[in-house]
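Got a structure for you, questions after.
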């Protein structure tokens, strides 16, 4: 399922127009993104939680040359599935 399929499913299941479903879906994604950018966490009970993990700087290897390279520190978005989602996938 891609974003357009998700928008179609939201429109069909909620009985709203595709334009309204697009706006609602984009608003949800934007709200999650904004919360993560500001360093927060988004918890959706029964579905899961979105958070940001800090990855420390480290040394790596270039697989072609074998040379040691420095990999910069970064922030990575994480998603942890909640119990409700896990139970739905694994009945």
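The values are calculated or read from the model by the stated rules, or taken from the named source; none is laboratory data. Model, not experiment: these values are computed from the prediction. Cβ coordinates were reconstructed from backbone atoms using ideal geometry, including for glycine residues, and neighbour counts include every protein chain displayed.
Restricting attention to the range 81-91, does a residue exist that is in a loop (DSSP other than H, G, I, E, B) and either touching a residue at least 40 places away in the same chain (Cβ under 8 Å) or surrounded by 12 or more Cβ atoms within 10 Å (Cβ to Cβ) (or both)?
Within the range 81-91, one or more residues are in a loop (DSSP other than H, G, I, E, B) and either touching a residue at least 40 places away in the same chain (Cβ under 8 Å) or surrounded by 12 or more Cβ atoms within 10 Å (Cβ to Cβ) (or both).
What about residue 35, is it closer than 18 Å to residue 4 by Cβ, part of a helix (DSSP H, G or I) and at pLDDT 95 or above?
no
Can you find even one residue in the range 41-57 that is surrounded by 11 or more Cβ atoms within 10 Å (Cβ to Cβ), touching a helix residue (DSSP H, G or I) at 6+ places or on another chain (Cβ under 6 Å), free of Cβ contacts under 8 Å to residues at least 40 places away in the same chain and in a helix (DSSP H, G or I)?
No, because not a single residue in the range 41-57 is surrounded by 11 or more Cβ atoms within 10 Å (Cβ to Cβ), touching a helix residue (DSSP H, G or I) at 6+ places or on another chain (Cβ under 6 Å), free of Cβ contacts under 8 Å to residues at least 40 places away in the same chain and in a helix (DSSP H, G or I).
Does residue 76 count as in contact with a strand residue (DSSP E or B) (Cβ under 8 Å, 6 or more places away or on another chain), farther than 21 Å from residue 89 by Cβ and surrounded by fewer than 10 Cβ atoms within 10 Å (Cβ to Cβ)?
yes
Now, a different point. So which residues in the range 9-23 are under 25 Å from residue 83 (Cα atoms) and loosely packed, with under 15 Cβ neighbours inside 10 Å, if there are any at all?
9, 13, 14, listed by residue number.
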